[in-house]
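One structure below.
Quick note: the coordinates plus some simple rules give every number you see, no bench work behind them. Treat the numbers as computed from the prediction; the structure is a model and nothing was measured. With ideal geometry, Cβ positions are generated from the backbone for all residues, glycine too; neighbour counts draw on all protein chains shown.
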Amino acid sequence: MTIRCSHLAAMALALAASPAAGAPSPLGNQPLQRRTATLKALPADFGAFLAADLRKEHSRLVTAAMRRNASMNAGRYDWAKRRVSELQTRLAPWLKATDKALWDLLPSQEMPRDFFVHRTGAGCPACAAPVVYNAWKVDIWKSPWTVSCPSCRTVFPSNDFASYYRSSLDAMGRFRPGAGDPRFLEPRAGAEARWADDGTGVHQGDQRWFFAARCAFVIWQEALRATAELAELYTLTDDPAAAHAAGVLLARTADLYPEMDYTPHARDWDMEASTGGSGLGRIQGCIWECFTVTDLATAYDHVFDALLEDTALAAFVAAQPGTPDRGAVSTPRDVAAMIQRRLIMEGIRGVLDGRVRGNPGMHQTAMAAAA
């Protein structure tokens with residue numbers, strides 16, 4: 001679809017309600033109520049824009065002819081072969097994972113997300129070593145809900161948060177704070193109870209450690225990168241498996257994205273992920289969210305032609321429970337429409353209301369990619 005930025009700037013629609021305050025913590029941690037932020041009013045005809053028939057017909061940034069040429073060059077030049085090999089190696093876990101595993105991997109809005117385990121001067125709780133620029137280790141495939149100190153290798157949190165997280169999911173696979181089995185808030189054998197985390201972090205005086213929230217952020221960070229790289233791999237190889245995996249991630253992100261809002265995490269728990277102090281954002285803070293929108297919109301365009309042929313993806317998405325506003329999904333075209341409406345259009349909404357806002361050029365690039 002082609003949209004003039006001058007037209008987008010003229011659209012307006014006030015967002016309905018501000019996000020609700022964070023739920024009480026089962027471990028007794030109280031929301032900090034540090035920051036509030038105000039969204040920009042949307043243009044008056046934004047609702048009409050969302051309702052318009054802006055059907056996308058084919059990939060535009062990389063056309064089918066360009067993709068054939070890229071695939072041919074990737075088999076001809078050594079530097080291109082190395083790039084393909086690099087992508088195949090790094091993306092092997094994503095290509096090996098089942099569709100359900102990819103779908104279930106992504107945390108929903110109410111699972112807090114923080115770039116930092118700590119940013120208040122507190123080092124590792126076990127060895128007190130400073131962890132420079134958040135170098136905590138997270139392996140999203142082997143142990144997605146633990147972090148380990150790079151110095152002493154101690155694992156946090158002290159409870160089985162992976163099981164607590166799973167027990168907190170509703171019928172649609174969304175995390176619901178306080179809904180988990182309290183047995184999984186008990187420390188593992190030999191571990192200290194004070195380092196248990198229910199998702200809101202460990203708060204001791206003015207010191208805070210966000211173990212589980214850091215894991216959630218890393219999962220999203222890795223998934224966003226993988227989506228972009230799977231789309232690149234498809235462009236270079238014409239491999240439908242890469243496009244399919246990217247499609248699963250795009251569809252699940254679209255399923256979750258309308259409710260994604262960073263403000264409650266910044267406001268209620270003093271978390272941070274590049275908001276620039278505003279507290280605004282969606283999956284991550286408003287500055288880095290520019291990359292989210294740019295990369296996902298670009299990835300969607302790169303794999304679009306393959307999505308229209310992917311009946312297996314349509315069947316899989318149709319079988320997943322979703323909110324009523326997701327709409328019926330039964331064909332590949334329905335999946336594409338869902339991604340466009342719930343992800344690409346929401347990215348445009350974010351640029352206009354301030355939740356996608358970076359340094360000069362960043363949100364403009366995001367808008368151009370989405371358009």
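In terms of the mean number of neighbouring beta-carbon atoms within 10 Å, the peptides 135-142, 265-272 order highest first as 265-272, 135-142. Taking amide H atoms as placed 1.01 Å from N in the peptide plane, the amide H of S158 lies under 5 Å from those of W195, A196, D197, each 5 or more residues away in sequence or on another chain.
Computed over region 236-278, the P(r) curve from all C-alpha pair distances, binned at 10 Å from the origin, holds 24, 29, 26, 17, 4 percent per bin. Sorted ascending by nearby beta carbons within 10 Å, beginning with the fewest, C149, C290 become C149, C290. What separates the Cα centres of region 237-272 and region 73-113 is a distance of 14 Å.
Work through the residues other than V218 whose Cβ is under 12 Å from its Cβ and net out their charges, Lys, Arg +1 and Asp, Glu -1. Before the final figure, lay out the partial values.
Numbers: positive: R113, K137, R214, R225; negative: D114, D139, E222.
Taking every Cβ under 12 Å from that of V218, the sum is +1.
The three principal axes of the Cα atoms in the chain give end-to-end lengths of 59, 51, 40 Å, sorted in falling order. When R67, R194 are arranged by Cβ crowding within 10 Å, least crowded first, meaning fewest neighbours, the order is R194, R67.
For the chain, what is the mean residue ellipticity at 222 nm derived from helices alone (per DSSP H run of n ≥ 4: -39500 (n - 2.57); sum divided by total residues; nearest 500 deg cm²/dmol)?
Details: 15 runs with 158 residues, N = 371.
Helix contribution divided over all residues of the chain: -12500 deg cm²/dmol.
Given the convex hull of the Cα atoms of region 63-122, what is a quarter of its surface area in nm²? Each step should come with its number before you reach the end.
Values: hull surface 32.5 nm².
Result: 8.1 nm².
Label sites at R166 and R333, each approximated as a point 7 angstrom past Cα along Cα to Cβ, lie 4.0 nm apart. Taking only the C-alpha atoms of region 132-214, the Rg (one decimal) and the largest Cα-Cα distance, Dmax (whole number), read 12.8, 40 Å. For the chain, a simple Cβ point-charge model (Lys and Arg +1, Asp and Glu -1, everything else neutral) yields a dipole of about 540 debye relative to the Cα centre.
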